[in-house]
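What follows is a short report on a single structure.
The values are calculated or read from the model by the stated rules, or taken from the named source; none is laboratory data. The model shown is predicted, which means the values in this text are computed figures rather than measured ones. Virtual Cβ from ideal backbone geometry, glycine too; neighbours counted across all protein chains shown.
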Amino acid sequence: MVDSNTVLAGQTVAYTIYVLIIIALRSWFSYKVTRTGKGNQIKSALFYSFVGMLVVIGVSLHIVTHETIPWKPMDLGRAGIKADKEFNITIADHRFSLPSEKLIIKKNEIVRFNVTSDDLTYGFGLFRKDNSMVFQMQVLPGHMNDILWKFDRTEVYSIRSTEYSGWKGINMIVRDAVEVTE
């Protein structure tokens, strides 16, 4: 899967350029409208051409963004995907209960994390060493909460709660809980 950091960097560049084009169009329009004297009129064809261009670029950006989200194919096709490994994790009283001290996964395995809550709404997130998030999901008590993920690089990850669950929730971190090996 494409790394979420790569997707975020690409989206940042694309949307920044898009916003700069919008700001330039708005500035040009404001300048032409507020200017007095000769040449203060804006030709409708030119203005609507720019607006049309922005609409086409904006819709295209959304389509491209939709197609580059790394977990989309797995989410849409999850009914036909069999996990290579499953981990059942329970959360209660602001603590993660893992099936073992460290969850070992082989590179390119598809893993299903089944996470249940016994008391509150929590979050379940996997984080890299640099504290950037790989994925997260909300864990609701009394509901089936699971996520499929394919690990395509070796790394060690931490598990953290990504939802506010009271003041004790700040300590809901299990460092080096998931290890992806060759």
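In the set SER30, SER100, only one residue is free of Cβ contacts under 8 Å to residues at least 24 places away in the same chain and not assigned by TED's automatic domain parsing to the domain that holds TYR164; that residue is SER30. The residues in region 55-74 that are of a type in the set (A, V, I, L, M, F, W, C), surrounded by 14 or more Cβ atoms within 10 Å (Cβ to Cβ) and part of a helix (DSSP H, G or I) can be counted, and the count is 3.
Against the test of being over 18 Å from THR162 (Cβ atoms) and of a type in the set (Asp, Glu), the options ASP75, ASP130, ASP84 yield a single qualifying residue, ASP84.
Within region 74-95, can one find any residue that is touching a residue at least 60 places away in the same chain (Cβ under 8 Å) and basic (Lys, Arg)? So far as region 74-95 goes, yes, one or more of its residues are touching a residue at least 60 places away in the same chain (Cβ under 8 Å) and basic (Lys, Arg). Of all the numbered requirements in (1) free of Cβ contacts under 8 Å to residues at least 24 places away in the same chain; (2) within 21 Å of TRP71 (Cα to Cα); (3) part of a strand (DSSP E or B), ASN131 misses one, and that requirement is (3).
Filtering ILE159, ILE173 for residues that are under 20 Å from ASN5 (Cβ atoms) and either of a type in the set (Gly, Ala, Ser) or at pLDDT 90 or above (or both) leaves a single hit, ILE159.
Do the conditions hold for SER117, that is, is it in contact with a strand residue (DSSP E or B) (Cβ under 8 Å, 6 or more places away or on another chain), surrounded by fewer than 18 Cβ atoms within 10 Å (Cβ to Cβ) and among the small types (Gly, Ala, Ser)? Outline the logic, then answer.
On the way: in contact with a strand residue (DSSP E or B) (Cβ under 8 Å, 6 or more places away or on another chain): yes; surrounded by fewer than 18 Cβ atoms within 10 Å (Cβ to Cβ): no; among the small types (Gly, Ala, Ser): yes.
Judged against the criteria, SER117 is not a match.
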